[in-house]
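All of the numbers you see were taken from the coordinates with simple rules; none came from a lab. A quick note: this is a predicted structure, and the numbers were derived from the prediction, not measured. Here the Cβ positions follow ideal geometry from the backbone for every residue, glycine too, while neighbour counts run over all protein chains shown.
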Amino acid sequence: MERVTRKNQDLESELPLTISAQYGLIDQNEFFDKRIASKDVSGYYLVKNGEFAYNKSTSTDAPWGAIKRLDRYDMGVLSTLYIVFSILEEDKTDSDYLVTYYDTALWHKGVQAVAAEGARNHGLLNISAEDFLETSLQLPQDVEEQKLIGKYFKKLESLITLQQRERV
């Protein structure tokens, strides 16, 4: 993984994002019904489609925080409290596999191993970006196997979403 610290200096985007454990990276205005971000978002991180962000906030749904990929928009801005990263070697790591992986409890072990003692501070995990990026990931060495697993769960997720819509 490679950390992304690109600032929104040229105001390429003014779409404030937040991470929802349930909905992923989503428009903050839509999620909260109001704007939480500052009016000036030039100091925020500029996140591009396909990049990931880690919210260190803990909740019942995400006891070790939530990691989501930006899928819904071309780009958006996130507070510098988040850890933004991209895949360094796309020929060795499948993005769809990681989306699935980060929705499981498997990656919690890696975070637990590097989170400092007294891990929670006002609902935030006490973990540096450097330590977070050093967490070990459990993934098949064969990228083709990762792709198959990623596609399978992406399709399964789509089917679940369709079925939930039918119930409404």
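Full extension of the chain between ASN49 and LEU137 gives 29.5 nm of extra length, using 0.36 nm per residue less the Cα-Cα distance. Adding -39500 (n - 2.57) for every DSSP H run of four residues or longer, then dividing by how many residues the chain holds, sets the calculated 222 nm ellipticity at -8500 deg cm²/dmol. When DSSP beta bridges are restricted to pairs lying wholly in the chain, around 90% turn out antiparallel. 3J(HN,Hα) along segment 42-58: 5, x, 7, 6, 8, 9, 10, 3, x, 8, 10, 9, 10, 9, 7, 5, 9 Hz, from the Karplus curve 6.51 cos²θ - 1.76 cosθ + 1.60 with θ = phi - 60°, whole Hz, x for Gly and Pro.
Would you mind getting me the FRET efficiency between LEU156 and ARG3? Use the beta-carbon distance for r and R0 = 41 Å, nearest 0.05. After rounding to 0.05, the efficiency reads 0.85.
Placing R0 at 30 angstrom, the Cβ-Cβ distance between LEU148 and MET75 gives a FRET efficiency of 0.55 after rounding to 0.05. Centre-to-centre, using Cα atoms only, segment 39-69 and segment 133-156 are separated by 21 Å. Rounded to two decimals, the Cα-based Rg/Rh of the chain, with Kirkwood Rh, is 0.96.
Of all lysines in the structure, those lying under 25 Å Cα to Cα from LYS39, and not within fewer than 8 positions of it along the same chain, are LYS7, LYS48, LYS56, LYS68. What are the ³J(HN,Hα) couplings of segment 9-23, residue after residue, when phi is run through the Karplus curve with 6.51, -1.76, 1.60 and θ = phi - 60°? Round to Hz, x for glycine and proline. Here the 3J(HN,Hα) series is 3, 8, 6, 5, 9, 10, 8, x, 10, 9, 9, 10, 4, 8, 9 Hz.
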